[in-house]
Every structure is written in C-alpha cells, then in structure tokens.
Amino acid sequence: MASTQQIRARIRSVRNTRQITKAMQLVSASKLRRMQEAAQATQAYSKYARELLTHLRAQPDTNEFKLYQDRPVKNRLLIVITSDRGLAGAYNSNVLKKYITELRKDDAEGVKNSTIVFGRQGANTVARLKDTVISGVYTNLPDRPGIGDIEAAINTAIKSFHDGEVDAVDVIYTHFISTINQEPVMQRLLPAGFTEEAVSEAIKTAEFEPSPEVVLHNVTVRLIESQVLQSVLESNVSEQAMRMMAMKNATDNASDLIDEYTLAYNNARQAAITQELAEITGGVEAMK
C-alpha cells in the first residue's frame with residue numbers, strides 16, 4: 001500500500017488536473033453559446049441557398065455554365081474540416097474516419113482524389129497518408145469566421161472544378177444536432193445544386209431579375225461560399241460541444257478519483273494510528 005505522503009501527493013496532482021479541466025469546460029461552454037448563435041443565424045440562409053442552387057440547376061441551359069456541369073467522376077476534391085487543438089473527445093476522429101471511408105471508396109472505384117484540410121489535427125493525419133494530394137491547409141481560423149477567412153480555400157475548389165482538374169467537390173464536416181449529439185456528414189458542393197434538398201414553393205415561384213442567366217453567373221459562387229461557411233460554423237459548434245462534454249467527464253472522473261484516494265488515505269492513516277497504539281500498548285505490557 002502507498003504511504004500517506006504518496007497518497008497526499010496524488011490527491012494534490014488530481015486536484016490540479018481537475019481545476020484545469022473545469023476551467024476548460026467553462027471556457028468551452030461560453031464559446032459554445034456564442035458559436036451556436038452564429039451558426040443558427042446563418043442556418044436559414046444556408047438552407048435556402050441549397051434550395052436555390054437546386055432550382056437553378058433545373059433551369060434550361062444550366063449545363064452550359066461550368067459550375068453546374070455533371071460529368072463522370074474521375075478526380076474528386078475533398079474538403080475536410082477538423083480542429084487545431086485536441087481534447088475534444090471524438091470530434092476529430094469521427095470526421096477523419098468518415099474521410100478515410102471516402103478515400104477507400106475512391107480507391108475501390110479507381111477515382112483519384114485531393115484534399116483541402118481545415119485544422120492542424122486533420123492536416124497531421126492527411127500528411128501521413130500515401131497517394132493523397134494536399135491542395136491546401138488552413139489553420140488558426142477565428143471562433144466566428146467569415147467568408148474572408150475561408151475564401152482562399154473556396155476559390156481553390158471552384159477553380160479546380162471550373163478548369164476540369166476535378167469532377168466533384170465534397171465537404172466533410174460535423175453537423176451540429178444538439179449539445180450531446182453531433183454527426184459527421186458529407187455534402188456535395190460541386191457540381192452546384194447536386195443535392196436532394198427539397199425545393200420550397202417560395203423558391204419555385206420566385207422571379208429572377210434581370211434573368212436566370214445573370215443570376216447563374218453572379219450568385220452561384222456566393223451561394224457555394226455560404227455552404228462552406230455554414231459547414232465551418234457547425235463544425236466549430238460541434239467542436240466546442242464535444243470539448244465541453246469531454247472536459248466535464250474528465251472533471252467528474254477526477255472528483256471520483258479524489259474520493260477514492262481520500263478513502264485510501266484515511267484507511268492508511270487509520271492503519272498507521274492503530275499500529276502505533278498497538279506498539280504503545282505492547283510496550284506498556286512488556287514493562288509490567
């Protein structure tokens with residue numbers, strides 16, 4: 001059995017760890033509220049943007065516009081959204097598992113692929129993979145990113161598709177459902193409007209001014225940008241939610257461990273006192 005001094009040192013160490021995990025939990029909870037507000041503020045716009053892209057895709061002569069052209073997929077670009085930091089539970093591993101699954105599908109179908117990565121955690125994993133071309137790595141995004149923060153990645157993806165270097169662009173991110181439920185998903189960005197999104201009656205009856213063709217050339221890129229931005233915002237919310245839960249579990253486990261060590265300390269101390277009393281009693285009896 002460990003000595004009382006060793007047990008006290010362990011208790012101090014676990015208490016210090018608990019203070020750190022508790023602080024990280026509170027920080028993540030604070031960030032979560034702000035990020036959730038930001039993601040919800042653009043959620044409706046992103047939904048209507050998908051519907052509008054789907055509706056535009058159905059317009060006559062849309063296929064003449066390169067961003068809507070549907071062609072056999074021989075090369076695919078994957079945009080993977082992870083975090084810069086760890087200690088977020090299974091957040092990064094879930095996204096990367098989804099990414100690896102897609103790579104295996106491409107290998108089985110003879111499709112070449114390249115990758116744009118958001119976050120150091122994903123970049124470290126992708127860099128270790130063979131036969132995967134990295135088209136860009138973007139780190140240190142702000143807590144509430146805007147289009148300007150991700151514009152370079154979007155431009156790379158759009159140019160690659162427009163120039164025929166890739167035949168499809170997909171984004172893999174974590175869809176935020178609730179604080180305790182997040183799901184890694186994949187969404188197709190290009191060709192534009194390639195989605196099963198149901199088109200509402202409001203979009204179907206909308207009038208295009210001055211014409212659908214002008215809208216195609218001037219709005220499509222902006223609508224695609226909104227899809228990527230929403231993916232990043234939802235990923236940020238999911239990251240903080242999972243980090244908050246991970247730190248809460250770590251704090252609870254530390255508290256349980258402190259209780260166990262405290263009980264062990266009290267038992268060891270009681271055993272030492274009992275032994276001392278027995279020795280004193282034995283000494284007194286020997287002197288009689």
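The values are calculated or read from the model by the stated rules, or taken from the named source; none is laboratory data. As the structure is a computational prediction, the values presented were derived from the model and not from experiment. Don't worry about glycine lacking a Cβ; one is built from the backbone with ideal geometry, like all the others, and counts go over all protein chains shown.
Observations
Yes or no, residue by residue, for (1) loosely packed, with under 12 Cβ neighbours inside 10 Å; (2) touching a Lys or Arg at 6+ places or on another chain (Cβ under 7 Å); (3) at pLDDT 85 or above:
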residue: 231; (1), (2), (3): no, no, yes
residue: 234; (1), (2), (3): no, no, yes
residue: 242; (1), (2), (3): no, no, yes
residue: 250; (1), (2), (3): no, no, yes
residue: 258; (1), (2), (3): no, yes, yes
residue: 277; (1), (2), (3): yes, no, no
residue: 285; (1), (2), (3): yes, no, no
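- Selection within the stretch 250-276 - within 38 Å of the chain's Cα centre (by Cα) and aliphatic (A, V, I, L, M): 250, 254, 257, 258
- Boolean, residue 28 is assigned to a helix (DSSP H, G or I), more than 21 Å from residue 241 (Cα to Cα) and within 25 Å of the chain's Cα centre (by Cα): no
- Inter-residue pairs, beta-carbon under 6 Å, first without any contact (Cβ under 8 Å) to a residue 40 or more places away in the chain and over 12 Å from residue 139 (Cβ atoms) and in the stretch 102-126, second among the basic types (Lys, Arg) and outside any helix (DSSP H, G or I), 6+ apart: 111/76; 113/76
- On inspection, residue 237 passes the criterion of being touching a Phe, Trp or Tyr at 6+ places or on another chain (Cβ under 8 Å), hydrophobic (A, V, I, L, M, F, W, C), in a helix (DSSP H, G or I) and in contact (Cβ under 8 Å) with a residue 40 or more places away in the chain.
- Number of residues in the stretch 156-191 that are crowded, with 21+ Cβ neighbours inside 10 Å and at positive phi: the value is 0.
- Positions within the stretch 84-111 being charged (D, E, K, R) and more than 15 Å from residue 74 (Cβ to Cβ), in sequence order: 84, 85, 97, 98, 102, 104
- Total residues in the stretch 52-104, condition touching a strand residue (DSSP E or B) at 6+ places or on another chain (Cβ under 8 Å) and of a type in the set (D, E, K, R): 5
- Subset of the stretch 47-89 that is buried (at least 18 other Cβ atoms within 10 Å of the Cβ), closer than 29 Å to residue 112 by Cα and charged (D, E, K, R) - its residue that is modelled with the lowest pLDDT: 57
Conditions tested, residue by residue: (1) of a type in the set (A, V, I, L, M); (2) in a loop (DSSP other than H, G, I, E, B); (3) at pLDDT 90 or above; (4) in contact with a Leu (Cβ under 7 Å, 6 or more places away or on another chain).
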site	(1), (2), (3), (4)
141	yes, yes, no, no
144	no, yes, no, no
166	yes, yes, yes, yes
209	no, yes, no, no
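- Residue check: residue 194 meets all listed conditions (1) touching a helix residue (DSSP H, G or I) at 6+ places or on another chain (Cβ under 7 Å); (2) modelled with pLDDT under 75; (3) of a type in the set (A, V, I, L, M, F, W, C); (4) surrounded by 16 or more Cβ atoms within 10 Å (Cβ to Cβ) but one, namely (1).
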